[in-house]
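Here's the structure, in structure tokens; my notes come after.
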Amino acid sequence: MSHIRKNTIYIYAFWGALFFERSIWINYLQHQRFTTIQIGLLQTLLTLAMFVCELPSGVLTDRLGPKRTMNLGHVLIIVYLLSMLLAVNYASLIVGFLAYGVGLSLISGSDQTLLYQFHPEENYQHKIGIFEAITIIGLALSSLLGGYLTTIAWSAIFVIGIVTQLGSMILLGLIKVSPSSADQPVNETQSIKQLLATLLATLKMRHIRYLVLTAALFEGSISVLINFAQLLFSAKHFSAYAAAVILTVATGFSAVASVMLEKISLKIGTKRSIITFFIVTMLMFLPLFSGAFTWVIVGFLMMQFSFEFVDVALNAVIQDLANDRIRTSLISSVNTLTAGLMFVETMLVSGLFSKFGVTNAFIVFGVVTTLLALLLYGGFLRTSKSA
């Protein structure tokens, strides 16, 4: 039992990542006779809610503590699942998707702060690597199971989802952090205005600003491309089944990258490893030009591996530079900027696809944005020396 209590946060990482409807929600709403336009509007509202609430949710976490904020997030996700289960009318779905966006924002960043507080004597890179790998595995397995459950009963998907959300809240209550970093407001007398002032003062530091821009640009740009990966595989004449298999395997590569983060960073250094995998990411776009299936698969899988490595490593650097008063607010500022960039880049990439073709636009956009992110990271390294 002591071993289980020691690893409760990792059990939560798996349990909290079980979203069984993730790969079938569009099919479900079509099954409920909602139109494509209505479904697209729900996705837009979800993205908007996440974008608007990301930074305020970080401030709320720094004010109230991560566990309280995350519990509220899980409650709102249950509201979303209930709206899908009942599917009473379109208005109820709008409420549900808005609640879902706010709920995801409340959990995003807060879980990383809780992980940072959990066994603070342990290396954060080690903890975040394991946490991210378990989360990725949970997402992949629940998506596969959700697809299977469609053959049994659509309602089962959402009922099981509600149960796992309740289980996540129970697991959160069992997570113990050290007394010095317990789930308490960091400074009960500090106003939200003061917290924002502290955050803005931190972002005015040149090296922090460079780091935030690096993380947001890289994560946002590559995430947009990964969302469009099915179009790339279609342009390369892969079958829908083959594309699904590749994307599933790519998820496994992401999990391996998270687990290997600490080992590689210790061996060659954090800065050198980040620069190395920035370069690997750029190079792995080039095999996508090939007409050979093998080269396309290798390029995409290695691009996914190196992207995950850099993304998690940059998060660890941000955690190390943040102070406890604004830790989640700083992470949320990155997430807010990332969400905003993804919104703009999604429209940009769609236009580039139609003008220059999927393959050419996919590769050029990926190489250019990764290079810009690498240059921003170089700016962070230069300015951090004088900070």
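The values are calculated or read from the model by the stated rules, or taken from the named source; none is laboratory data. As the structure is a computational prediction, the values presented were derived from the model and not from experiment. Here Cβ is always computed from backbone atoms with ideal geometry, including for glycine, and neighbour counts include all displayed protein chains. Side chains included, ligands, DNA and RNA excluded: accessible areas come from the protein's heavy atoms. Shrake-Rupley method; radii C 1.70, N 1.55, O 1.52, S 1.80 Å.
The residue that is modelled with the lowest pLDDT, among those in segment 329-356 that are among the hydroxyl-bearing types (Ser, Thr, Tyr) and under 15 Å from the mean Cα position of the chain (by Cα), is SER332.
Just to be sure before I move on: is ARG68 open to solvent by 10 Å² or more (accessible area, probe 1.4 Å), farther than 19 Å from ALA156 by Cβ, modelled with pLDDT under 90 and of a type in the set (D, E, K, R) in the structure I sent?
Details: open to solvent by 10 Å² or more (accessible area, probe 1.4 Å): yes; farther than 19 Å from ALA156 by Cβ: yes; modelled with pLDDT under 90: no; of a type in the set (D, E, K, R): yes.
Answer is no for this residue.
The residues of segment 28-40 that are open to solvent by 80 Å² or more (accessible area, probe 1.4 Å) and either touching a Lys or Arg at 6+ places or on another chain (Cβ under 9 Å) or modelled with pLDDT under 85 (or both), listed by number, are GLN30, HIS31, THR36, ILE37. Checked against the criteria, HIS126 counts as surrounded by fewer than 21 Cβ atoms within 10 Å (Cβ to Cβ), more than 23 Å from GLY340 (Cβ to Cβ) and touching an Asp or Glu at 6+ places or on another chain (Cβ under 6 Å). Taking the numbered list (1) part of a helix (DSSP H, G or I); (2) open to solvent by less than 30 Å² (accessible area, probe 1.4 Å); (3) within 18 Å of LEU149 (Cβ to Cβ) in turn, PHE19 passes all entries but (1). Within segment 142-155, the residues that satisfy the criterion of being closer than 22 Å to ALA13 by Cα and surrounded by fewer than 18 Cβ atoms within 10 Å (Cβ to Cβ) are LEU144, LEU145, GLY147. Going through segment 231-242 one residue at a time, which ones are open to solvent by 10 Å² or more (accessible area, probe 1.4 Å) and on the phi < 0 side of the Ramachandran plot? LEU231, SER234, ALA235, LYS236, PHE238, SER239, ALA240, TYR241, ALA242 - these are the residues of segment 231-242 that are open to solvent by 10 Å² or more (accessible area, probe 1.4 Å) and on the phi < 0 side of the Ramachandran plot. Checked against (1) assigned to a loop (DSSP other than H, G, I, E, B); (2) open to solvent by 30 Å² or more (accessible area, probe 1.4 Å), LEU266 passes all but a single condition, namely (1).
Report whether or not ILE78 is of a type in the set (Val, Ile, Thr) and closer than 15 Å to MET169 by Cβ. Against the criterion (of a type in the set (Val, Ile, Thr) and closer than 15 Å to MET169 by Cβ), ILE78 qualifies. Among the conditions (1) of a type outside the set (Phe, Trp, Tyr); (2) farther than 22 Å from ILE157 by Cβ; (3) crowded, with 22+ Cβ neighbours inside 10 Å; (4) in contact (Cβ under 8 Å) with a residue 60 or more places away in the chain, the only one that VAL59 does not satisfy is (3). Right, ILE246: in a helix (DSSP H, G or I), of a type in the set (A, V, I, L, M) and open to solvent by less than 30 Å² (accessible area, probe 1.4 Å) or not? Answer is yes for this residue. VAL102 passes every criterion in (1) crowded, with 22+ Cβ neighbours inside 10 Å; (2) touching a residue at least 60 places away in the same chain (Cβ under 8 Å); (3) out of contact with any Ser or Thr (no Cβ under 6 Å at 6 or more places or on another chain) apart from (2).
Of the listed requirements (1) at pLDDT 80 or above; (2) within 30 Å of THR248 (Cβ to Cβ); (3) not hydroxyl-bearing (Ser, Thr, Tyr); (4) not in a loop (DSSP other than H, G, I, E, B), GLN125 misses just one: (1). Scanning segment 261-308 for residues that are aliphatic (A, V, I, L, M) and closer than 18 Å to TYR377 by Cβ yields LEU261, ILE264, ILE268, ILE274, ILE275, ILE279, VAL280, MET282, LEU283, MET284, MET303. One residue stands out among those in segment 353-366 that are surrounded by 17 or more Cβ atoms within 10 Å (Cβ to Cβ) and not polar (S, T, N, Q): the one that is farthest from LEU55 (Cα to Cα), which is VAL358.
Taken over segment 209-234, residues that are aromatic (Phe, Trp, Tyr), over 23 Å from LEU55 (Cβ atoms) and in a helix (DSSP H, G or I) amount to 1.
All told, VAL298 falls short of being among the β-branched types (Val, Ile, Thr) and out of contact with any helix residue (DSSP H, G or I) (no Cβ under 9 Å at 6 or more places or on another chain). So which residues in segment 213-230 are over 15 Å from PHE293 (Cα atoms) and open to solvent by 60 Å² or more (accessible area, probe 1.4 Å)? Passing the criteria: LEU213, ASN227.
The residue that is surrounded by the most Cβ atoms within 10 Å (Cβ to Cβ), among those in segment 1-16 that are part of a helix (DSSP H, G or I) and modelled with pLDDT of 85 or more, is TYR12. So which residues in segment 233-263 are without any contact (Cβ under 8 Å) to a residue 24 or more places away in the chain and within 25 Å of TYR124 (Cβ to Cβ), if there are any at all? Hit for segment 233-263 is LYS263, nothing else.
Among what's in segment 266-289 and is at pLDDT 90 or above and among the polar types (S, T, N, Q), pick the residue that is nearest to the chain's Cα centre (by Cα).
THR281
What pairs come up if the first residue lies in segment 300-320 and is open to solvent by less than 10 Å² (accessible area, probe 1.4 Å), the second is among the basic types (Lys, Arg), and their beta carbons are under 8 Å apart, counting only those six or more places apart or on different chains? So the pair list comes out as GLN319/ARG327.
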